[in-house]
Amino acid sequence: MRFCPYSHRTRLVLQAKGIRYQVVNINLRNKPSWFYTKHPFGQIPVLENSKCQLIYESVITCEYLDDAYPGKKLFPCDPYERARQKMLLDLFCKVPCLTKQCLLAIRNSRDCTELKAALRQEFCNLEEILCYQRTSFFGGNCISMIDYLFWPWFERLDVYGVADCVDHTPTLKLWMATMKQDPAVCALLTDKSTFLGFLNLYFQNNPSAFDYGLTC
């Protein structure tokens with residue numbers, strides 16, 4: 001699904017590694033019955049390779065693509081550095097839930113002061129990591145897997161209404177600006193008006209929300 005941050009992770013890796021692929025979008029509020037033959041719980045993303053083998057869960061699909069296809073390796077080859085990126089991913093685990101909760105609260109006119117405070121703290125933690133490392137990216141001075149795994153939620157901060165949560169983290173904001181210059185990130189950027197158009201229809205329970213912005 002075009003607007004899903006988890007699917008966005010997989011598409012970033014496909015783009016970064018130059019892998020040819022075809023996207024099949026589905027309506028997440030009206031999933032086709034055939035999709036449950038691809039994933040037992042109907043979750044996305046799901047990869048199907050040329051051997052009709054199925055791989056799902058966003059981090060697993062990204063790691064599979066990095067291992068199975070040639071080109072630039074996004075995960076480090078060094079076992080410790082690879083493990084360190086996975087530990088960083090574990091530190092990031094609260095961000096997806098908090099951003100979604102903030103979005104729901106804002107859209108339903110509920111107070112989200114405490115949620116935004118919690119999100120700011122998570123971003124402070126990430127800021128500290130970048131400052132301690134003194135690197136441009138979370139994996140070092142070159143973009144790597146961990147940056148792509150983080151990015152989809154940062155791209156959505158503005159449309160979710162929580163962009164102010166990074167106002168106090170200048171190094172993290174610099175990372176965001178640098179990420180926007182990456183060719184894979186640029187190729188998949190969705191403009192704000194399209195995101196907002198989707199969200200407006202989604203919160204109206206409009207079944208055409210997932211097709212927003214598509215042209216025949």
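The values are calculated or read from the model by the stated rules, or taken from the named source; none is laboratory data. Just so it is clear, the model here is predicted, and its values are computed rather than measured. Reconstructed Cβ throughout: ideal geometry from the backbone, glycine too, with neighbour counts over all protein chains shown. Accessible surface areas use protein heavy atoms only, side chains included; no ligands, DNA or RNA. Shrake-Rupley method; radii C 1.70, N 1.55, O 1.52, S 1.80 Å.
Look at the stretch 32-53: where a residue is in contact (Cβ under 8 Å) with a residue 12 or more places away in the chain and a partner is surrounded by 11 or more Cβ atoms within 10 Å (Cβ to Cβ) and small (G, A, S), sitting 6+ places away or on another chain with Cβ atoms under 7 Å, you get I44/S7; P45/S7; P45/S58. Of all residue pairs spaced 6 or more apart or on separate chains, those with beta-carbon atoms under 8 Å, a first member in the stretch 60-77 that is touching a residue at least 24 places away in the same chain (Cβ under 8 Å) and open to solvent by 50 Å² or more (accessible area, probe 1.4 Å) and a second member that is part of a helix (DSSP H, G or I) and of a type in the set (A, V, I, L, M) are K72/A16. When C216 is tested against (1) outside any helix (DSSP H, G or I); (2) farther than 20 Å from A118 by Cβ; (3) modelled with pLDDT of 95 or more, exactly one condition is not met: (3). Against the conditions (1) open to solvent by less than 50 Å² (accessible area, probe 1.4 Å); (2) out of contact with any helix residue (DSSP H, G or I) (no Cβ under 7 Å at 6 or more places or on another chain); (3) within 17 Å of Q101 (Cα to Cα), D164 satisfies every one except (1). One residue stands out among those in the stretch 116-149 that are basic (K, R) and surrounded by 15 or more Cβ atoms within 10 Å (Cβ to Cβ): the one that is farthest from A83 (Cα to Cα), which is K116. Taking the stretch 171-187 as the range and being surrounded by 12 or more Cβ atoms within 10 Å (Cβ to Cβ) and either free of Cβ contacts under 8 Å to residues at least 12 places away in the same chain or out of contact with any helix residue (DSSP H, G or I) (no Cβ under 7 Å at 6 or more places or on another chain) (or both) as the test, the residues that pass are K173, L174, T178, K180, D182.
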